[in-house]
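Here is the structure we will look at, set down as structure tokens.
The values are calculated or read from the model by the stated rules, or taken from the named source; none is laboratory data. Note that this is a predicted model, so its numbers are computed, not measured. Reconstructed Cβ throughout: ideal geometry from the backbone, glycine too, with neighbour counts over all protein chains shown.
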Amino acid sequence: MELSRILARHAGVEIVGLSSSRWAGRPVHEILGLPGPVGALRYEKTLDQSADLAFLATPADASARLAPQWLERGARVIDLSNAYRASDDAVYGLTEFAREQLSDARLVANPGCYPTATQLALLPLINQNMLASEPIHVDAKSGATGAGRKVDETLLFNELVDNHYPYRVGQHQHVPELERGLGRDVLFTPHLLPIQRGLLVTAYVKVNPGITADNLLECLKERYQNEPFVQVVEPGADLGVRRVLSTPLCRVGVAPVIKSSWARVFGSIDNLMKGAASQAVQNMNLMFGYSETDGLLP
């Protein structure tokens, strides 16, 4: 839904078809409230139009079936599921670290929401050899949309409101993705918050001897000084999810105190935007030669 809204206002994009098994036959304006030509389209069960690019916002098993079909038809594919994130046949689309590969990519695996925030916060520090080769502890909290749109008792309003609880501990699908990306063992604990959207990660990392919190912060500042979608936050500034809601931004920061060689590093995003739809559009822009900010920033 977020992806459709972004693409509908992108000057370089013509949406030629939208598919949904749930909404097949219903007009797009009824579901998304979009006016104009996009709103006049109807969702279709399957699409037979020709296209330059297909986005797959589908379960992993559906993406694994549909992506080869679109590739065979000559379209390029951006998949928002977990189907291809470990595949050598796809470019892993963490945009800020994948630009050189995206222009020629035929199949792009969009990262998961938790891995996006975590990797953007930690990869510069790992790449500069600031972190020890110790397991990384990730405490993560997301709004209910992070668990999808499925019908589930734990996502009912009466269960979630005034509540806060961990879920899928030890079996979350993002753990292998995090460990591949970071090159470390990861102890990952996701939690659901009684909010609709937004995601905050706190990563506990052991630093190498002599590394200070200021060193970590300066490393992030240097790496992201020219990045339009990553903001480095000073210690004490607001890193709450409200700052990133409905934006394509990631905000990262470092706690000002390192205790017993352990530091705390933070990342916050809107899980539906930088954690999914807006990052997919970033990747599309680079694949097709648009400015990376087209359709995403004023």
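What to note about this one:
- Residue list for the stretch 189-199, filter: touching a Leu at 6+ places or on another chain (Cβ under 6 Å) and either outside the structural domain of R251 (by TED's automatic domain parsing) or not charged (D, E, K, R) (or both): P194, G198
- Subset tally (residues that are in a helix (DSSP H, G or I) and in contact with a Lys or Arg (Cβ under 6 Å, 6 or more places away or on another chain)) for the stretch 262-285: 0
- Out of V244, V257, V205, V252, one residue alone is in contact (Cβ under 8 Å) with a residue 40 or more places away in the chain and out of contact with any Leu (no Cβ under 9 Å at 6 or more places or on another chain). It is V257.
- On inspection, V244 fails the criterion of being assigned by TED's automatic domain parsing to the domain that holds R223 and closer than 22 Å to I211 by Cα.
- Only listed residue being at pLDDT 95 or above, in contact with a Phe, Trp or Tyr (Cβ under 9 Å, 6 or more places away or on another chain) and surrounded by 24 or more Cβ atoms within 10 Å (Cβ to Cβ), chosen from P111, P115, P124: P111
- Any hit, the stretch 81-96, residues being farther than 20 Å from A57 by Cα and within 16 Å of the chain's Cα centre (by Cα): yes
- Exactly one residue out of E134, E218, E177 is among the acidic types (D, E), in a helix (DSSP H, G or I) and either in contact (Cβ under 8 Å) with a residue 24 or more places away in the chain or touching a helix residue (DSSP H, G or I) at 6+ places or on another chain (Cβ under 6 Å) (or both): that is E177.
- Some residue of the stretch 270-288 being surrounded by 15 or more Cβ atoms within 10 Å (Cβ to Cβ), within 23 Å of H174 (Cβ to Cβ), in contact with a Ser or Thr (Cβ under 9 Å, 6 or more places away or on another chain) and hydroxyl-bearing (S, T, Y): yes
- Flag for L216 being under 24 Å from R85 (Cα atoms) and touching a strand residue (DSSP E or B) at 6+ places or on another chain (Cβ under 9 Å): no
- Total residues in the stretch 221-248, condition part of a loop (DSSP other than H, G, I, E, B) and under 25 Å from L297 (Cα atoms): 15
- Of the listed requirements (1) surrounded by fewer than 20 Cβ atoms within 10 Å (Cβ to Cβ); (2) closer than 27 Å to R99 by Cα; (3) of a type in the set (A, V, I, L, M), V232 misses just one: (1).
- Qualifying residues in the stretch 260-269 (those that are over 22 Å from R242 (Cβ atoms) and among the small types (G, A, S)) - the one surrounded by the fewest Cβ atoms within 10 Å (Cβ to Cβ): S260
- Count - residues of the stretch 23-54 that are of a type outside the set (G, A, S) and within 24 Å of the chain's Cα centre (by Cα): 5
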